[in-house]
Amino acid sequence: MTKAEMPRSAAKTHHESHFVTRIGWLRAAVLGANDGLLSTSSLMVGIAAAAAGSSQIILTGVAGIVAGAMSMAAGEYISVSSQADSEKADIERERIELEADPEHERRELTAIYAGRGLPHDLAAEVVNALTAHDALAAHTRDELGITDTSTANPLQAAMASAASFLCGGLPPLVVALLVPASNVLLSIALVAVASLALLGAAGARAGGAPLVPAMMRVVLWGSVAMAVTAGVGSLFHTAVG
């Protein structure tokens, strides 16, 4: 049964949800949360390994969260803004080419559709229809590969990165506030590993990817990072004042 033959009530309730629509914010959010958790935990573990007191460990966590959130926001905004500028430049270049030589652009788009499997005559017919509707949109989508779901959004990426970094950095800070300094190193490491596993699972779930590989990746590399920073901190072992 085709969509046109479906009962009207069924057609109204039919809804498709695709994970690709989440790529823009999901990438920034997952990256920010993982970075917030791992960076803050590693910093605090390193300071704890140096035998610093509770106040120093907590101060390190707060400073790391604030600095990291601002850095992530600025970095994402600059990076995604550059991507957006490149996309706009490509679209403007395509618009100029369409005005200068529309027939060449028509042949170019026809070749793209034919290369995807359409018979040449049908590809030319499709190009004619799309060109009559919105030639620039057709070339932007099928020649440049720029779509509404993939278009860069600098402000959205920056806000998602900062907020997620902040959220990711809170678990180790809470542990440092609740656990005595003598046990804080192991406690932060355990909470960080558990949180990394949850973040890996959440990111995979939101993106429709397998859970186990995503969890293993973040736990493995997170453990390595904390082990390295703990080793560095132990080299600067100090007496607690």
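The values are calculated or read from the model by the stated rules, or taken from the named source; none is laboratory data. Just so we're clear, the structure is a prediction, and the values are computed from it rather than from any experiment. Cβ atoms come from the backbone with ideal geometry, glycine included; neighbour counts cover every protein chain shown. Accessible surface areas use protein heavy atoms only, side chains included; no ligands, DNA or RNA. Shrake-Rupley method; radii C 1.70, N 1.55, O 1.52, S 1.80 Å.
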Worksheet entry | From Ala51, Ala69, residue being on the phi > 0 side of the Ramachandran plot and not hydroxyl-bearing (Ser, Thr, Tyr) | Ala51
Worksheet item: For residues in segment 31-51 being buried (at least 23 other Cβ atoms within 10 Å of the Cβ) and aliphatic (A, V, I, L, M), which is modelled with the lowest pLDDT?
Response: Ala33
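Would you point out which residue out of Val193, Val174 is touching a helix residue (DSSP H, G or I) at 6+ places or on another chain (Cβ under 7 Å) and of a type outside the set (S, T, N, Q)?
Just a single option satisfies the conditions, and that option is Val193.
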Worksheet, complete the sentence: Exactly one of Ala202, Ala138, Ala160, Ala230 is open to solvent by 40 Å² or more (accessible area, probe 1.4 Å), in a helix (DSSP H, G or I), modelled with pLDDT under 90 and small (Gly, Ala, Ser), and that one is Ala202
Worksheet item: Taking segment 205-227 as the search range and keeping residues that are closer than 14 Å to Ser42 by Cβ and not hydrophobic (A, V, I, L, M, F, W, C), which one is surrounded by the most Cβ atoms within 10 Å (Cβ to Cβ)?
Response: Gly222
